1. Order by neighbour count: His78, His152, fewest other Cβ atoms within 10 Å first, most last.
2. Could you line up Ile147, Ile83 from fewest to most neighbouring Cβ atoms inside 10 Å?
3. Which order do the peptides 89-96, 137-144 take when ranked by the mean count of other beta-carbon atoms within 10 Å per residue, highest first?
4. Between Ile66 and Ser161, what FRET efficiency follows from the Cβ-Cβ distance if R0 is 30 Å, with the result rounded to 0.05?
5. Given axes a ≥ b ≥ c from the Cα gyration tensor, I'd like to know whether the chain is rounded (a/c under 1.5), prolate (a/b larger than b/c) or oblate.
6. Need one word for region 8-53: rounded, prolate or oblate. Basis is the Cα gyration tensor (sqrt eigenvalues a ≥ b ≥ c); a/c below 1.5 gives rounded, then a/b vs b/c decides.
7. Take the chain, connect every pair of alpha-carbon atoms lying under 10 Å apart with a spring to form a Gaussian network, then pick out the residue of Phe160, Phe98, Phe72 with the largest mean-square fluctuation.
8. Could you check the simple spin-label distance between Gln80 and Ser18, using points 7 Å along Cα→Cβ, in nm with one decimal?
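Read-outs: derived from the displayed coordinates by stated rules, not from any lab. Being a predicted model, the structure only gives us computed values, none of them experimental. Don't worry about glycine lacking a Cβ; one is built from the backbone with ideal geometry, like all the others, and counts go over all protein chains shown.
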Amino acid sequence: MKRGAFITVEGVEGVGKSTCLAAIERSLRESGRPVLVTREPGGTTLGERVRELILDEHEGGLSGPIEALLIFAARARHLQRIIVPALADGRWVVCDRFTDATYAYQGGGRGVDRHALEVMAQMVQEGLEPDLTLLLDAPVEVGLQRISEREHDRFEKENFSFFERVRRSYLEIAARAPQRVRTINADRPLDDVTGELLKVLQQFIAEFTGAAR
C-alpha cells in the first residue's frame, strides 16, 4: 500500500488556518483520498492535555524549555498513535502545526536554543518530516487585528515583538526549505488565499502521486 502524504499548515495567529484546513480537507475528500485532520499540540488524550496546559493563561510560569519539552512529549505520542499509523495505512494526514511551530514559537518567540530543539526533533521524529508545509503569512498587525474580538489564550496575549520574532522564524524556515515549505500571502481576501492554497495543493498532489507510482 502506498504511504499517504503528510501535510502541515503553519502561521501566526489570525492568518486563517482554520478556514484553510477545512478547504484542504474538502478538496482531498472530493478527490477520493482518505484524510485524517489533526492538530498540535493535540491529536491524542495526552496531546490535548498538554494543549490545555500551555494555552492556560494562568500557567504564566511555563518557560520556553518547559513548553518545548511538553510539546515534544505530546508529539511523540501523536506520531506513535496517530500520524505514523495513518500514513502507513495510506491516509493523507493534514496537521494544524507541527515542528516548524516549535522552532517558531519556542525557538524564535521564547529564545530556546535551536540545537536543543533539533536534538529533540531527531529523537522524536526519527527522520519523519512533512511532505508539504503550507505557511500562511501576513503582517503581525493584520493577524492580531483579526483576532482582536475573540477571547485570547496565553499565547495570543503575548506582545507584538513576540509575534514578530515568530513570524521572522517562520520565514527563515521557509527560506531554508523552499522545496517543502510553500508560503501563501494571507494578507488578502480569504477567497484569494484559499484559491492560491488549493492550486499549490493540486500541484503537490500531482507531484506526490506521480512519484509514488
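1. On the way: His78 25, His152 14.
With the fewest neighbours first, His78, His152 line up as His152, His78.
2. On the way: Ile147 14, Ile83 24.
Ordered by Cβ neighbours within 10 Å, fewest first: Ile147, Ile83.
3. Numbers: 89-96: 20.2, 137-144: 18.2.
Going by the mean number of other Cβ atoms within 10 Å, highest first, we get 89-96, 137-144.
4. E(calc), rounded to 0.05, equals 0.90.
5. In terms of gyration-tensor shape, oblate.
6. It is oblate, given that a/c is not under 1.5 and a/b is not larger than b/c.
7. Most flexible of the set in this elastic network: Phe160.
8. Taking the two extended label points, one gets 3.2 nm.
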